[in-house]
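The values are calculated or read from the model by the stated rules, or taken from the named source; none is laboratory data. Note that the structure is a prediction, hence the values are computed from the model and not measured. Every residue, glycine among them, receives a Cβ derived from its backbone with ideal geometry; neighbour counts consider all protein chains shown. Quick note on the areas: whole protein, heavy atoms, side chains included, nothing else; ligands and nucleic acids left out. Shrake-Rupley method; radii C 1.70, N 1.55, O 1.52, S 1.80 Å.
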Amino acid sequence: MPTPRSLTTAPHRDFELEVVSGEWPTDISGEALYSSPQALGDLPYRIFDFGAMCRLSLEPGTRGAGPGRFAWQTVSIETPGKRLWNRHPEAFSSGVTGYLSPFGPPNSANTAPLPWGDRLFATWDGGRPVELHPETLEFVAEVGHVDSWGGNSLEMGGVLPFLLSSAHPVADPERHCLWSVKLDVVFEPVVGMRPSLVCWDREDGTRVRHWPLEGITFDGSAHTVSQTRDWVILSDSGNFKADAGEMFGGERTATIEKAVPVWLIRKEALDGLPSGTPVTPVCFTMAPPSGHYYARWVDTDGISVVWEGMDLMDLGLYLRPDDLDVNGRPVDPAVAGLYNTAMAPETITEVVFDPESGKVLEQGLFKEDWTFNLQLSAMDWSTEGMGNPTLHHVDYQGCRPGSISARAAALYEGRIDLDLLREETPGALCSFERGSMALAARWEYPDTSDHITSPTFAPRSVGSTPGASAHSGRNPGGHDGYVVQPVCSDDGLRIELFDAARVGDGPIATLMGANKEAIPLILHSAWSPAHHELVEAERLSFSSELTEAALGALPDELRASVHEVAAELDGC
Ligand SMILES: [Fe+2]
């Protein structure tokens, strides 16, 4: 069974892992964090369900683990919307893009962990970033009053804001702000999304600022925000489109684009510009579409970006229980609700955007027949590492015909080569040299029932060296440290640890659960030093967003629960 059934059947739980092979190094520290959609509401597409934050401590005997053991902890993210669902699950309907309710759409916060200094956030595309307590992982607050975001993305009523955002906002180490995006659904001049650049200044959690991109409407999503020192980079991810027909019960007909627009905004242009004022971006076109792209912080020699292509990876498509796969076999009921996997090998490239000429200059490109399902990557996120990146580590999960539906193949007829999609192929963890995108190392997973996912780069620990940064480690860039590689399997989760400079040598140590525990689907990961205290800051309260009009539209019983949740959160 190539895709582990445990991705949808394993429960979320706390457990301990132990070293089962190799030797765990002493110069690794901190923890790896993983976002995960829980399987709570029987949603047809599981990636929209309420989020949990999982945490693997990389130091034995910490976070409550026994001596020599490693703690895996999972905490459900109890946003206001989740608390209302706990009280009234029957009031929530399950659609192909998540939950709807008289309260409004809940924030699932299920896609990516975002450590920012000593603070921790969880993010997703359908809501605001959510702050979590760094010790308990419990919900603390959402970021920015809905009015400061410029109001709802689409008026849907209720007490829960509807804000289409980015699952990958980016923290600016010089301006001490978080850059994100907000999408407004517009009907003129055409139906589409109007993007605004969003900036959250770290000290004040009650408000953000936003600037609509002058004249831009598009039909897609904005999954990632990236930056250099002087520029913010937005893009149409191109690989996710909401299909209105499908949302109302019809068959999906939307398909992803072959090329997407990219928008660059100079940070300086926003200095002193009142929130709400339109700003004109510099526009580019890129192919293939990409869910994830990462710019080099230093831009004195150009705006250099790793562009992780998602060629023919349509994240709007999910597997239904009645689907046949691309080989005409019924799909395993255990993979129903997961996404339809890639239908072509993926391209990774490094490019330079030149705002003067409007040209995109290709620096290096890698694509082979086996580069299927480039899903997730690991890099050094420290400011020093982003300034001078060396290695970029990527998981290719391999071709998975059992998770490509015949429906998808029909929808993309003429754009895909079915002969490439007949056989399962091994996954691989690969390291690429930044700049040239030359393949520096590759470690293959020939057992196709191994599902590699969510790699994380952990810098070599600086220990107690005076003046040294725990975030950047000894030698920043992505080569001096470790790649933490979860391998999901029905035989139990393995955490394989690689020397980041020598991924091709294979794991230097492996952890497994003491009872060979398997884990459910996890999405993005991040590394962070271990933090324990919730820092003092100005934060948004749920009660401050409640209006008499929104409350008055609710039946008495639901309104009473809103007051209860508000009081509960105010009491925290
Ligand atoms: Fe993502």
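Positive end of the dipole of region 362-436 (Cβ unit charges, origin at the Cα centre): among A378, L365, I416, the Cα lying farthest that way belongs to I416. Cβ-Cβ distance of D417 and T26, R₀ of 35 Å, FRET efficiency by 1/(1 + (r/R0)^6): the value works out to about 0.10. Note on K258 and V185: the model spin-label points, each 7 Å out from Cα along the C-beta direction, lie 3.0 nm apart. In a reduced charge model with +1 at each Lys and Arg Cβ and -1 at each Asp and Glu Cβ, the chain shows a dipole moment near 60 debye about its Cα centre. Since only P321, V298, N340 are under comparison, the one whose Cα sits farthest along the positive direction of the charge dipole of region 298-344, derived from C-beta charges on Lys, Arg, Asp and Glu, is P321.
Taking only the alpha carbons of region 118-242, we obtain Rg and Dmax values of 14.3, 48 Å in that order. In this Cβ point-charge picture (+1 for Lys and Arg, -1 for Asp and Glu), region 259-364 has a dipole of about 220 debye about its Cα centre.
Partner lysines whose Cα lies under 26 Å from the Cα of K82, excluding those fewer than 8 positions away in the same chain, are identified as K182, K241. Each Cα pair under 8 Å and six or more residues apart adds its sequence gap; the mean of these over the residue count of region 23-123 is a relative contact order of 27 percent.
With a cut-off of 13 Å on the backbone N, the residues of region 267-308 near the modelled label site 7 Å out from E356 along Cα-Cβ are 300-303. Using just its DSSP H runs of length 4 or more, each adding -39500 (n - 2.57), the chain gives a mean residue ellipticity at 222 nm of -2000 deg cm²/dmol after division by all residues. Based on C-alpha pairs under 8 angstrom that are at least 6 apart in sequence, the chain has a relative contact order of 16 percent.
The largest-to-smallest principal axis extents of the Cα set in region 1-160 are 55, 40, 27 Å. Each Lys and Arg Cβ is given +1 and each Asp and Glu Cβ -1; about its Cα centre, region 393-545 then shows a dipole of about 260 debye.
Summed over the residues of the chain and divided among them, the accessible surface reaches 37 Å² per residue at a probe radius of 1.4 Å.
Amide H contacts for F121 (H built 1.01 Å from N in the peptide plane; partners 5 or more residues away or on another chain; cut-off under 5 Å): L114, W116, L132. Global dimensions of region 265-385 from alpha-carbon coordinates: Rg and Dmax equal 19.1, 59 Å. Normalised size of the chain, defined as Cα radius of gyration per 2.2 N^0.38 Å with N residues, equals 0.91.
Here's the picture: charge each Lys and Arg Cβ at +1 and each Asp and Glu Cβ at -1 in region 512-555, and of A518, L534, T547 the one pushed furthest to the positive end of that dipole is A518.
Based on the Cβ-Cβ distance from T547 to S93, what FRET efficiency comes out when R0 is 25 Å, to the nearest 0.05? Plugging the Cβ-Cβ distance into 1/(1 + (r/R0)^6) gives 0.60.
Which of rounded, prolate or oblate describes region 431-572 when judged by the alpha-carbon gyration tensor and an a/c cut-off of 1.5? Prolate.
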